[in-house]
Structures are given as structure tokens and as C-alpha cells.
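Read-outs: derived from the displayed coordinates by stated rules, not from any lab. None of the values given here were measured: they were computed from a predicted structure. FYI the Cβ positions are ideal-geometry reconstructions off the backbone, even for glycines, and counts take in every protein chain you see.
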Ligand SMILES: Nc1ncnc2c1ncn2[C@@H]1O[C@H](COP(=O)(O)OP(=O)(O)O)[C@@H](O)[C@H]1O
Ligand SMILES: [Mg+2]
């Protein structure tokens, strides 16, 4: 019953999402959205939601289902973006195919990382640390490799009148539908995995590796397959990001913050569940964007360094500082919220929102059964 | 040995000393509580900001700040352990990692909100003074940081060996049930361990402010380097951490010489890290208990 | 050719020789008992032949092929499964899903595997608890899930490590009945058990381990009359008592 109701819920949301671009400019949307969040600005927020849901779903395969905490997925994401972009710039390969090359390259790198890590039996925190070190190495290499633009990154060639094959669009709608399709595709793929032998094997590995081995689960091979698939999907996401932002640079992409943001949706929504990453992204991104719109609107224009250096009295300085904070300070409020949410979920509902809701529902059902 | 290598060796040892204090804090927390603290570097960052603002706003010398920071950051660590970390002690490593990752994210963003993303650095009149050591230039502030860090590591070691509280902490690190059985208050030990660990890393940060920039993003690099060192030295092994830190400091500064670009110096450190994790996870000097 | 043959298998932990030059044979269709006081090396021996530990010396042959150095999952694929003395149900999975993971060993398709899992669940009498999570089960429930997971892999040979420990006498009776059904289904078994009544009734042949060495082998009647066996047990002031959960 509950499953059926959930399916209806998801179908209605899906229908709404498919039609949203048609109404993004309408007055009705303008009436319910906070200031200015209509038209392409609104579509942009949804592109972010879909994209993060997709990336988080990619992470979910190794981090959620297989329970191998990767804190380095920004590396696969970044490498994917670079691979397709270089294929495009140097070999004229359309990003649509570059995307596949990117997925193949990151999938292979993921498999290599998994092969090495799991062959030597790295578990838990040690695997996590290897992924961090791997991401850091990737960032350093990109940062110093002249061929890929080093610290300046790569500005994708702008085409004023782009064709479909260039994977560039002058409006937001195409990106919106591509991101939506990627998210839906990732749900379909992971949903299929969850019902297949592979999915059950990954869940078994996450819960008890020895017990899994004993009943015939080839744990090492499954983990390697999981990280390869997860990395390939993340690489694909990298291509989309490159085409959407038209600018890739190591210090924005291959950093710890991005790795954490990738896992955040899944962990908050419910790691190891099919819809967890999606629910997580639908919570996180709106919260984050709303925070940015509401609190980081103007800014006083004063920089903190100028404030410190000014010859005001201490009391005046302090008041000016309060003004500075009230105008959003140095930014970062959305990320503060993310960090807070991550801790709150870990402490309050360790499985994530969806399993927590399922638990509530089960308890309520038991109570009604007990009463009748 | 040519001058550049002597210079690299000395610089490496100096910064390695500071790393030692960072890593000792991390390994103490891990040893006693079995907690992997991914927010470690963020406490260093807050220590640095504290010293920076104390200096530019009130003219307090960073070395005085370092002294004041000991009780302050001990109290902060004590509180953070009591409020945030305690609920996840004994839970899965994944839960602990996610919690401390969340804390790290929050602290970085909080620093950005409060202090802006700008890089700040202190300009002290003694900041650039150096002296000559057999052909190598050594800056006084780096030497001071090295001596402060080594002194604190030694003090911590003596504290752990000679005092009742220290012995109780070591008993916790050896075995939790055993410690409980002989009547040690585990919760209090955890708070002390976390308080001490945080005080160590914050003071390490403060000792660097005379010559190192401050920004909300300085933390993660130190967290990772501390993990490298702790794994190298053997988890929970304090002398191992000091030795590991000096090795990492030297690998880094020699790496800056041999790599095509000095800012690639960390590459060697991370490669060393992965190799140690794969081939000698108990560390070069043995983990706790082994 | 024996189904399982261990040749002079040895394993040391530091200075301690937990399993010392043990020769061990199981023929198809047999139920072999493996007994010995706590710490005798029974669990370690299971770990050695099921691939969880590598012997320092000796060889293990299953179906005529050496399985030395093979992973447990690979050995399971070939037809040998073990249960754990400290039971390991997947805590966040239902009983059905727990057993399903085992059933996937020979069925790639979820539907076929599910059918297999359901039939095993019926066989071991877990039907009423099929929807419960692994962590919600009682000791008896966990022991049955442990057995059901192993059975679902469709083994030729099953190694059972104290599946009766911690059960009440009536639960022991029910479990004996289940094992009888498993035997009738044609599964060869090696059972480690402290409950003598179980071992004596079920086993065709018994091996006795003591301080890592196989000190006796033979049919149950011979084993009870063997003075070395009596000595080994009495020396450890062993009491054959149903329901005593050993420490190791
Ligand atoms: N992983 C291990 N490391 C060190 N010693 C072990 C290990 N596993 C078992 N032992 C030791 O080997 C001996 C045999 O243990 P075990 O096989 O569990 O005995 P049994 O199952 O017969 O009670 C015991 O002394 C035990 O302490
Ligand atoms: Mg045993």
C-alpha cells in the first residue's frame, strides 16, 4: 500500500517536472516563488537539483549500496569534465561522444583504484583516506599540467549559434531536460541494480563482508565493479557540468568540498536506497539556494581586510562588522546549513530521511495493529 | 651535501615538527576513542584565526596567544566531544567519518562567513628575521614553531607516562573494557583526550601564524597530512607520529626541490601515504597494541 | 575419492599451534561430527578449509581439487559452505533477503533465487518470521537464518559451527529435526557441537580435536569408549550440557 502511494507521489512529481519549463515564466510560478526565482533562474535551480541528485546517485552505488565510503568522488567528476573537454578541443569530438569516453576513462580509473584498494583489503576509514589522497593527487596533477590549462583551467570555446552536436544551448530548457533525463536514467539503473543479484550482493557486503563471502558473494569483484560503475557515472556528470558552466578549473571541481557535496544528498536522503539521493538533493539544493537568495543578496561591499585596516574606533569597527555579517558576511551560509544538516542526520536519523520515514510508518502501523 | 639540500632538510624538519604536534593530537584522539576526526584541520584553522585577530585587533603577540589557547581550546575540545562526538563513539566508522566531515564542512563555511574567504597573514616586525646554520638560512619564527611543537609533544608524552590521568588515558587506548573494569571513567577520559588533541592542533596552528597565511581552506591539507603521519607512525603511537611527521616534513621539502614545480611537493607525500596504507597499514613503527 | 580431504593441515597463531597436522576426510552422504573442548581448534579448522584462513602447511582437497588459496566465495561456488559460530545474519535485511543472498549463489535471476529462498525458509521452519529484520531475531531465529543462508547456496558439503549453542532443549529438538531433513535432502555435513546427544545421534563418524591435534576418529560408539577422549574432556572438566554457550 505504502509503496503504491509512494509510486503515485513520484509519478505526479515527475509529470510536474516534465511540464515545469512550460510554466517557468508564468505569473502563478512568480506568485509562489521567492523574489526573482522564475524563468531561467528557476530552471537553473532545478538543473542543480537534478545534477546533484544524479551525482549523489552515482556515489550511492559504491558509498551507499556497497558501504565503501568514498570521499574523493570529486576526482572522477573532474576527470570526466576534463576528458570530454579535451576530446572536444583537441580532437573535435562531440561532447555527446566525449561523455562516453569520459565515462570509460573514469570507470577504468575507478576500477584501478578499487583493484588496488580492495586487493590489499583496505576497509572503512582506510579506504576513505585513500580516496581523499587520490582526489588530492588528481587536483595537484590537473593544477600543474599545462596541457589542460593548469591552474587556469579551460574555458570552453563559445559558439554564438551552437548546434546540437556542440552540446551548447542558448537557453536553459535543453540543459533542464538533459539533467532531468540523467537523473531519471540513474534512478532506473540503480532501481534495477537494487532488485538484481548485484544489488543484493552489494547490500550484503555493506552489512557483513565475511558473511557475504561465506554464502558465495565475490566481495572483492563486486566492490571493484561498484566503484567502476560509480566512477563512470560521476565522469559522465563531469561532462554535463563542463558543458553547462562552459568553464572547468581544478580548484572549483576537484576539492574536498565537492566530494562532500556529492555524498551529502545520498547520506541525507538515505544511502543505499534507490530514492535516497534524489530526496536528499531535493531537500539540500532548495535549502541552499533559498539561503543564498535570502541572506546573501546584497553584501555591504566592505571587505573584512579593509575593515580591519581602517582607523575606526573599536566600537565602530565592531558595529561595522555586525553590518558586514548581517549582509551575509563572507558568504558560506548555505554550506554552514549543509554541514549542520549532515551532522543532524547522522546524529538524529543515521540511515537518512527515507529509512527514518519508513521506520516511523512501520511503528505507526504496529501501533494501530496493537490497538485493534 | 649541497646547500639547497641542507636547506631543504632543515626546512623540512622545522615544518615536520609542527606537523608532529598536529598529528599527535589526531593520534591521541584515535588511540583513546577510536574516532577518526576529519575536522582536525579546522581546529587548526580556528586557532590561526584566533591568533591573527588577537594580534591585529588587540596587539597580542601570537606566542602569548599560544599560551592562552591551551585552556581555551582544551575547553572547546571538551565541549565538542561532550555534545557532538560522544553519541557516535563506538558506532561504525562510516557514521563517525560522516559526522566529523559535517563538522569540518560547517567550520570551514563558518570561517568563510565570519572572516571571509580572503587569505590573511600577520606582518610582525620579527617575522622575517633569519640566522645562518652551516650555510642554510633558518627563520626564527619557524625555529620557534618547531621548538614549541616539540616541547609540547614531549610534555604530552611525559604527561601520559607519569601522571595518573595520563596512565588512565593510556589504559583506555590499550583496551576499553579493561579500563572500565579498573574503574576508569571513560567519558571523562574521552573529553580529556579530545580536549588535549584539539589544544595540540590549535597551538600548532597558532605557532605557524607568524609565517603562514590564514584562510578558511587551510584545514583539509593539515588533516590529510596528519592522517599520513599517523598511518606512517602507526595508529595511536605517539613517538611514531613524531618520527612520521619529521619524515613527512623532509619528504615534502625535498619534494619541492625535485618536483617540476614546488607546489607539487605534496604529491610525494600522498603517494607515500597510499603505499604505506597498501603495504604496511600498521605503520612503519607499529600500531597501538602490536 | 573423498568429497573433502584435509592433508596434514597446520595453522599457527604466533607461538600457538591452533591446528596441528590434522588429517580429515569426509565422504559424500556422511554426517561427520567434530568435537573437542573449547579452544581445541575446531573453528580455526573450519576457517582453514572454507578459505577464511590459509593453512601454514598442508593441503585441502574438495571434490578432488586443491582449494588452497581460493577465496571463500569461490569455495562456496564449488559447493562447500560454512556457518559461523558467532552468527552473522545481515542485520538490516529481512529473513527472506538474508536467505536470498545465499540463493543467488546458483541463481542469477531474482525470481528463481526468490523461489529457492522461500523453499529453504519453509524447510528450516522460518516461514512465520520471513519478514523480520536480521537484527530483530532471537538467538534461535538467528541460528536458523545462519543455516538457511548456507543451505540456500545449494551446497554439497555444509560445515556447521555450533548451530545448537544457546538454544533451549526444545529448540535443540526442533533443530535436530531440521538437520535430519537437510540430510534427507542429500547434503553432506560436518557438525561442530557441544551437545553430545546431538553429535551421537546424528553423526556417522566423529573426529576429536584436542589442543589442535586430531586425537581420535571413528563411529560414535568407539569414540565414547576411547580413553584418550575421556581424558581430554575430563582434563578440561568438561560438562556436556545443553544450552551452554562457549566463550570462543
Ligand atoms: N585469529 C586468531 N588469532 C590468534 N589466536 C586465535 C585466533 N583464532 C583462534 N585463536 C586461538 O586458537 C585456539 C583455537 O581456537 P578455536 O578454533 O576458536 O577453538 P574452538 O572453536 O575449538 O573452541 C584458541 O586458543 C584461540 O584462542
Ligand atoms: Mg569454536
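General observations
- 10 Å Cβ neighbours from other chains, averaged over peptide B:273-279: 5
- For segment C:9-55 and segment C:122-163, distance of Cα centres in Å: 23
- Residues of segment A:330-347 with amide N under 12 Å of the 7 Å Cα→Cβ point at residue B:91: A:342-347
- When the square roots of the Cα gyration tensor eigenvalues are ordered a ≥ b ≥ c, the ratio a/c for segment C:87-140 is 1.5 or more and a/b exceeds b/c, which makes its shape prolate.
- Over chain A, relative contact order from alpha-carbon pairs under 8 Å, at least 6 apart, %: 27
- The DSSP beta bridges internal to chain C are antiparallel in roughly 55% of cases.
- Within the protein assembly as shown, percent of DSSP bridges classed antiparallel, to nearest 5: 65
- Counts of other chain beta carbons within 10 angstrom of each beta carbon in peptide C:81-87 average 2.
- Shielding of peptide B:32-44 by partners, expressed as the average count of other chain Cβ atoms within 10 Å per residue Cβ, is 1.
- Placing a pseudo-label 7 Å from each Cα along the Cα-to-Cβ vector at residue C:13 and residue A:169 gives an inter-label distance of 6.2 nm.
- Burial order of peptide ranges A:276-286, B:163-173 (average beta-carbon count within 10 Å, highest first): A:276-286, B:163-173
- Cα gyration tensor category, rounded, prolate or oblate, for chain A with a/c compared to 1.5: rounded
- Across A:63, A:265, A:191, mean-square fluctuation computed from a Gaussian network of chain A (C-alpha pairs under 10 Å connected) peaks at A:191.
- Between residue A:181 and residue A:158, the C-beta separation translates, for a Förster distance of 25 Å, into a calculated FRET efficiency of about 0.55.
- Per-residue [θ]222 nm for the protein assembly as shown (sum of -39500 (n - 2.57) over DSSP H runs n ≥ 4, rounded to 500): -20500 deg cm²/dmol
- Protection-proxy order for peptides C:72-82, C:112-122, each taking the mean of Cβ atoms within 10 Å per residue, highest first: C:72-82, C:112-122
- Packing rank of B:7-16, B:239-248, C:12-21, where each peptide gets the mean count of other beta carbons within 10 Å, highest leading: B:239-248, B:7-16, C:12-21
- In terms of its alpha-carbon gyration tensor, segment B:1-116 comes out oblate; a/c meets the 1.5 threshold, while b/c is at least as large as a/b.
- Legend: calculated FRET efficiency, residue A:210 to residue A:11, from the Cβ-Cβ distance at R0 = 41 Å, rounded to 0.05, equals 0.50.
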